[in-house]
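Data block below; observations after.
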Amino acid sequence: MIDVLFLPKPISQNDTCVIVDVLRATSTIVTALANGAKCVIPVKTISQARGKKRENTLICGERGGIRPRGFDLGNSPKEYFDVKDKEIILTTTNGTKAISMVNSQILYAACFLNLHAVVDQLKNHKDVTVICSGQEGKVTYEDVLCAGAIVHELCRNDLTDAARISKELWSRSKNKNLSKLLMKSNHAQELVKYGFSSDISFCSQVDLYNIVPSFVKDRFIIE
Ligand code: MLT
């Protein structure tokens, strides 16, 4: 069965889970690993992130979209092109919080940037739950759309209603300009206000990277 959670909740199961935060945490995780970061370690709080500062680590993330004081990088995926061999410690308002709620045997990070790599990875998984990170408890258009793209591309009939709803959203949108669609979302509009409008077009690129971040112990890596 394929399920989609429009909002994260504590989840403990043997199924395969996929976390989605298009704007911008999973887009950042995928970009960092695609550019050679050793791993991305998601943490919940700013002080947990600061406490992990060591040689070869970068303390990264945002609160309210903005890089916290003393952090090496913010949460714009475009800041993650020069991170080869670095350990990235990442804390974000919604994405890393959603990740911390998942306790499953298998957890992948997905966004539009690695859409078909994730779909290929999921082909042989029977039960899959796609978890949308949302924004401060509110459903976000971009995450449901990306979940719908994953469900659509998996071409399966064993869908929950939530999976069907997201798939139908994607089916209605798939030939349209993705960047323009995402730009209309509430979260994109906030990012524009903070000067991150180019992140929306960056995060709208389908299949820029052919990698699937996999969560092992406490970190995302490429296996
Ligand atoms: C989050 O995880 O809350 C988002 O990635 C926020 C952001 O756009 O930086």
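The values are calculated or read from the model by the stated rules, or taken from the named source; none is laboratory data. Computed from a predicted structure; not experimentally measured. Positions of Cβ are backbone-derived with ideal geometry, glycine not excepted, and every protein chain shown enters the neighbour counts. Please note that ligands, DNA and RNA were not included when accessible areas were found on the heavy atoms of the full protein model with its side chains. Shrake-Rupley method; radii C 1.70, N 1.55, O 1.52, S 1.80 Å.
Residues in the range 22-62 that are among the basic types (Lys, Arg) and closer than 25 Å to Phe6 by Cβ were compared, and the one that is least open to solvent (accessible area, probe 1.4 Å) is Arg24.
Is it the case, given these coordinates, that Pro10 is closer than 30 Å to Lys126 by Cβ, at pLDDT 95 or above and surrounded by fewer than 16 Cβ atoms within 10 Å (Cβ to Cβ)?
Working: closer than 30 Å to Lys126 by Cβ: yes; at pLDDT 95 or above: yes; surrounded by fewer than 16 Cβ atoms within 10 Å (Cβ to Cβ): yes.
For Pro10, the condition - closer than 30 Å to Lys126 by Cβ, at pLDDT 95 or above and surrounded by fewer than 16 Cβ atoms within 10 Å (Cβ to Cβ) - is met.
Candidates Gly51, Gly65: the one that is of a type in the set (Gly, Ala, Ser) and over 18 Å from the mean Cα position of the chain (by Cα) is Gly51.
Exactly one residue out of Thr16, Thr45 is on the phi < 0 side of the Ramachandran plot, among the polar types (S, T, N, Q) and touching a His at 6+ places or on another chain (Cβ under 6 Å), and it is Thr16.
Report whether or not Glu142 is of a type in the set (Asp, Glu), open to solvent by less than 60 Å² (accessible area, probe 1.4 Å) and within 30 Å of Arg54 (Cβ to Cβ).
Working: of a type in the set (Asp, Glu): yes; open to solvent by less than 60 Å² (accessible area, probe 1.4 Å): yes; within 30 Å of Arg54 (Cβ to Cβ): no.
Taking the combined requirement at face value, the residue does not satisfy it.
Residues in the range 126-138: is at least one over 18 Å from the mean Cα position of the chain (by Cα) and either over 23 Å from Ser204 (Cα atoms) or open to solvent by 10 Å² or more (accessible area, probe 1.4 Å) (or both)? Yes, some residue in the range 126-138 is over 18 Å from the mean Cα position of the chain (by Cα) and either over 23 Å from Ser204 (Cα atoms) or open to solvent by 10 Å² or more (accessible area, probe 1.4 Å) (or both).
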